[in-house]
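See below for the structure under consideration.
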Amino acid sequence: MSAATTIPTDALLVKATLSPGNNDHLPDCLPAIMQHLRGALKPSPAELHSAFSAAHKMLYIYLHLPERVPLDKAVATTLELALEREWPQLQQVCVSRLQKVFEARGASAGSKPVFHYVVEMDPESGWMPELAQWYDTEHMPGLAAVPGCIRAARFLNHDHGPLSLACYDLVTEETLGSAPWLAVRATDWSSRMRPHFTHTVRSMFKVLPGSHTTKSGT
């Protein structure tokens, strides 16, 4: 992760697991958590998106800022402590500053996102330049063009990592098994790059109801 104190930041990512028995209570506490996050940052986030992975018992909340701003690590740390204090059912809370390096509208742009697929990894030493070129010129544009993909984006996670976070808003999770999606994953360049992923985490999330909120609350 970056040793710099201040990082150009496009979004913050809150990661948290839920304590045993609290999965069913998430819909009850989520509005209050989202409201707290909206008021905790200056500038106020333009959008908040939340998603939950039942397989990993993991909650992700993205706070998208209205513009790129330099943020100090202390901002993320303060937010972590506040969330742990106010909502003890949240465990292993991590808040990371994200720097956007790629974004594309998908073939199904305009559809309502139902699933959120995330691939996180650290590049093997020395492979970051080519991995970034592959991701941003072939892989992500190709996946964005697959029917069922609404949006594709990639960020650098400068705090808790892994460093590269690629994410896709999807109409259905079956998109991942579709022939066009698999064809993009099977290119020669993809086969050459994938062995140089380390600390790889692949997660499928369900977008939470009402999670795509703007400043007006819609």
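The values are calculated or read from the model by the stated rules, or taken from the named source; none is laboratory data. What you see is a predicted model; the values in this text were computed from it and never measured. No Cβ is skipped: glycine too gets one built from the backbone with ideal geometry, and neighbour counts run over all protein chains shown.
Computed values, structure above
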item	result
Hits in region 164-181 - residues which are among the acidic types (Asp, Glu) and within 18 Å of the chain's Cα centre (by Cα)	Asp169, Glu173
Any hit, region 161-178, residues being assigned to a loop (DSSP other than H, G, I, E, B) and of a type in the set (A, V, I, L, M)	yes
Any hit, region 5-28, residues being assigned to a loop (DSSP other than H, G, I, E, B), within 17 Å of Leu156 (Cβ to Cβ), touching a residue at least 24 places away in the same chain (Cβ under 8 Å) and not charged (D, E, K, R)	yes
Failed item, numbered, when Glu103 is tested on (1) modelled with pLDDT under 95; (2) part of a strand (DSSP E or B); (3) within 15 Å of the chain's Cα centre (by Cα)	(1)
Subset tally (residues that are of a type in the set (A, V, I, L, M) and not in a strand (DSSP E or B)) for region 127-158	8
Failed item in (1) on the phi > 0 side of the Ramachandran plot; (2) among the small types (Gly, Ala, Ser); (3) loosely packed, with under 13 Cβ neighbours inside 10 Å, with Gly161 passing the rest	(3)
Selection within region 13-63 - modelled with pLDDT of 90 or more, surrounded by fewer than 20 Cβ atoms within 10 Å (Cβ to Cβ), over 20 Å from Arg85 (Cβ atoms) and not aliphatic (A, V, I, L, M)	Glu47, Ser53
Selection status of Val146, closer than 25 Å to Leu18 by Cβ, crowded, with 21+ Cβ neighbours inside 10 Å and aliphatic (A, V, I, L, M)	no
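Residue-wise test of (1) touching a residue at least 40 places away in the same chain (Cβ under 8 Å); (2) acidic (Asp, Glu); (3) farther than 16 Å from Ala16 by Cα; (4) surrounded by fewer than 18 Cβ atoms within 10 Å (Cβ to Cβ).
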site	(1), (2), (3), (4)
Arg85	no, no, no, yes
Gly110	yes, no, yes, yes
Val114	yes, no, yes, yes
Met121	yes, no, yes, no
Glu130	yes, yes, yes, yes
Thr137	no, no, yes, yes
